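What follows is one structure encoded as structure tokens, with my remarks underneath.
Quick note: the coordinates plus some simple rules give every number you see, no bench work behind them. Just so it is clear, the structure is predicted and the values come from calculations on it, not from any experiment. So basically every Cβ, Gly included, is an ideal-geometry build from the backbone, and we count neighbours across all protein chains shown.
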Amino acid sequence: MTTGVLVVGAGQSGFQVATSLRTQGYDGRVTIVGDEPFLPYQRPPLSKGIGFDGDGSRLTFRPREFYASQVIDLVLGDGVDTIDLDGVALTRSGRELPFDRLVLATGAEPRRLRVPGADADGVVYLRTLPDASTLAAAAATISKAVVVGAGYIGLEIASAMRQRGIAVTVVAQSRLLSRTATPILADYLLAAHTKRGVVFELERTVERVHTAKGRARGVVLDDGRLLDADIVIVGIGAQPRTELAQAIGLELALGGVVVDEFSRTSNPLVVAAGDVTTLRREGHERRFESVQNAVDQAKTAAATLLGSSTPNDAVPWFWSDQGDLKLKTAGWTGGYDEAVVHGEMSQDRFSIRSYADGRLVSVESINSPAEYMSARRELAATRSWEPSALTPT
Amino acid sequence: MVQFTCVDPQGVEHSFDGPEGASIMEIATGSGVDGIVAECGGFMSCATCHVYVDESWVDVVGTAESKEDDTENELLEGVLDERRRGSRLSCQINLTPELDGLRVIVPKIQA
């Protein structure tokens with residue numbers, strides 16, 4: 001490689017690819033280009049406890065001097081507009097960035113609520129530092145919030161708002177954490193959050209956002225009821241940002257850029273990592289939206305660019321802080337046939353171990369870090385959460 | 001400023017001056033010390049910033065067992081490298097004037 005590696009995206013995975021290229025010994029040119037004007041930063045704290053005190057600098061992965069010392073060029077506040085696979089990307093401001101290998105780490109963006117009134121002021125999403133500032137400022141003045149969506153983002157924000165004494169109603173079209181968690185965990189969280197004062201409207205959809213003077217004042221549900229609110233927070237999932245991938249003809253599946261266990265895309269010049277990807281392995285496709293996945297795919301992508309052929313075998317894991325409930329999960333909950341609860345649900349301290357054919361495939365733990373850590377080690381040793389192990393023979 | 005030293009898995013010593021209140025993890029990762037991963041960013045969710053507090057400093061820093069909240073202690077039970085008396089998550093060690101001169105050793109592997 002001579003003209004170097006261009007990393008498109010300055011989130012968790014983009015940052016990790018660039019730093020891993022250096023730690024793995026690459027001495028060519030490395031450039032990170034990102035839409036946002038900030039140094040690469042951590043996103044998870046943005047939704048936890050409305051966690052951040054407004055000081056975004058505490059969330060940056062590394063100070064600016066680090067990039068200088070590692071000779072990593074940063075092009076920030078200026079996204080890539082077009083990519084010519086002959087080796088040059090053009091940014092919105094007209095900058096030309098040459099490359100001989102490309103990393104797509106464009107991440108995902110919040111799925112938009114598409115109902116009348118959804119573009120009013122006071123309908124907010126949470127993905128970026130400015131989003132979190134908006135939410136933190138609002139949280140200081142409001143008394144009633146509606147949260148649309150009962151995924152991790154929705155539940156984290158709902159519990160953070162509750163802890164500040166704000167009245168919160170969560171509206172969701174199915175159950176809690178319907179894409180990721182076992183029903184046992186979902187039922188527990190429903191009861192636990194209800195006990196802490198969150199109101200749930202499940203198996204309901206939002207018909208429209210109720211507005212007054214161009215500002216959201218609540219939502220109208222599909223049964224016609226109006227829920228008053230000072231703010232409407234939408235957390236209904238994320239959409240991989242695949243515009244560039246599509247423009248250069250990469251294969252997509254489940255909405256994401258298809259990669260294999262070496263983080264390779266359908267084009268040999270291009271690797272991809274993080275929320276933008278869909279992992280295809282042994283014919284099975286899975287999407288993981290997590291810090292762990294972003295980090296491990298990124299390390300693998302860097303290794304692949306440098307000629308290594310070591311597959312990414314990391315155990316998927318995830319955490320979510322919902323008020324006093326610290327959830328940690330590992331493995332894969334799809335396809336289990338038996339689940340066993342260890343510990344005391346009534347005391348908010350337990351683990352759910354799920355099995356397929358008698359083999360452990362996932363753990364979901366609440367306030368039980370030791371149980372979680374030991375199950376994670378077990379999963380790493382047995383690898384029985386992998387698709388090949390789950391396929392009936 | 002509080003001075004401390006991190007010994008990385010290759011045995012290389014890195015000396016830092018950090019502001020009071022900052023965590024060892026923040027300062028060390030900010031300078032790219034090898035071996036401190038800190039995947040979760042300092043929220044006691046991953047146990048990938050495990051360090052060994054130098055034996056002579058353990059009583060000054062305090063042990064994970066002695067903390068009222070047991071989360072750190074439980075996470076440390078699951079770390080991949082050996083658990084020792086001085087094992088701590090470096091995101092949970094905040095610099096204070098008493099820690100001036102502190103020395104921590106980074107284990108060979110993280111969780």
Query raised in the report: In whole angstrom, how long is each semi-axis of the equivalent ellipsoid of the range A:1-50, when you take the square root of 5 times every eigenvalue of its Cα gyration tensor and sort them from largest down?
Result: 26, 12, 6
Query raised in the report: In nm, what is the difference between 0.36 nm times the number of residues separating residue A:324 and residue A:69 and their Cα-Cα distance?
Result: 87.8 nm
Report task. Could you list A:222, B:17 in order of exposure, starting from the residue whose Cβ has the fewest other Cβ atoms within 10 Å? Result -> B:17, A:222
Report summary line: Compactness check, chain B: C-alpha Rg relative to the 2.2 N^0.38 Å globular estimate gives 0.94
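Take every residue in peptide B:41-49, count the Cβ atoms of other chains within 10 Å of its Cβ, and give the average of those counts.
For peptide B:41-49, the averaged partner shielding equals 6.
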Requested in this report: Report, by chain and number, residues whose modeled amide H sits under 5 Å from the one on residue A:206, excluding near sequence neighbours (fewer than 5 apart, same chain).
Outcome: none
Report task. Hand me the trypsin sites (Lys or Arg not before Pro) from the range A:1-96 located in a DSSP loop with no more than 14 other Cβ atoms within 10 Å, in residue order please. Result -> A:92, A:95
Requested in this report: Under a 10 Å cutoff between Cα atoms, tell me which one of B:63, B:96, B:71 has the largest fluctuation in the Gaussian network model of chain B.
Outcome: B:71
Report summary line: Sorted by chain and then number, the residues having a modelled amide H within less than 5 Å of the amide H of residue B:105, at least 5 places away or on another chain, are B:7, B:52, B:53, B:54
Report summary line: the range B:72-111 scanned against label point 7 Å out from residue B:1 along Cα→C-beta; backbone N under 12 Å for none
Requested in this report: Rounding to the nearest 20 debye, state how big the charge dipole of the range A:285-393 is about its Cα centre with +1 on each Lys and Arg Cβ and -1 on each Asp and Glu Cβ.
Outcome: 300
Report summary line: Dipole check, the range A:1-107, charges on Cβ (K,R +1; D,E -1), about Cα centroid: among A:34, A:75, A:60 the Cα furthest to the positive pole belongs to A:60
Query raised in the report: Under the Karplus relation 6.51 cos²θ - 1.76 cosθ + 1.60, θ = phi - 60°, what is the ordered set of whole-Hz ³J(HN,Hα) values for the range B:9-14, x standing for Gly and Pro?
Result: x, 8, x, 7, 8, 10
Query raised in the report: From the phi of every residue in the range A:145-154, what ³J(HN,Hα) in whole Hz does the Karplus formula 6.51 cos²θ - 1.76 cosθ + 1.60 yield, where θ is phi - 60° and glycine or proline is x?
Result: 10, 10, 10, 9, x, 10, x, 4, 4, x
**Report entry** Relative contact order of chain B, defined on C-alpha pairs under 8 angstrom at six or more residues apart (%)
**Finding:** 41
Query - chain A: most fluctuating residue of A:169, A:194, A:304 per GNM, C-alpha cutoff 10 Å - result: A:194
Query raised in the report: residue A:381 versus residue A:184, label points 7 Å from Cα toward the beta carbon: distance in nm?
Result: 2.1
Report task. Count the DSSP beta bridges whose two residues both fall in the protein assembly as shown, then state the antiparallel fraction as a percent rounded to the nearest 5. Result -> 60
Report summary line: From DSSP H assignment alone, runs of 4+ in chain A each adding -39500 (n - 2.57), the sum over residues rounded to the nearest 500 puts [θ] at 222 nm at -7000 deg cm²/dmol
Report summary line: With R₀ set to 30 angstrom, the calculated FRET efficiency between the beta-carbons of residue A:215 and residue A:38, to the nearest 0.05, is 0.60
Query raised in the report: Taking one equal scatterer on every alpha-carbon of chain A, how large is log10 of I(q)/I(0) by Debye at q = 0.06, 0.10 1/Å?
Result: -0.25, -0.70
Report summary line: Scoring the range A:248-393 by relative contact order with C-alpha pairs under 8 Å, at least six apart, yields a percentage of 16
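Quick one: work out Rg over Rh on the C-alpha atoms of the range A:177-283, Rh as Kirkwood radius.
Result: Rg/Rh = 1.14.
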Query raised in the report: When chain B is modelled as a GNM with alpha-carbon springs shorter than 10 Å, which of B:39, B:98, B:26 fluctuates the most?
Result: B:98
Requested in this report: Search the structure for amide H atoms under 5 Å from the amide H of residue A:200, placed 1.01 Å from N in the peptide plane, and list their residues when 5 or more places away or on another chain.
Outcome: A:170
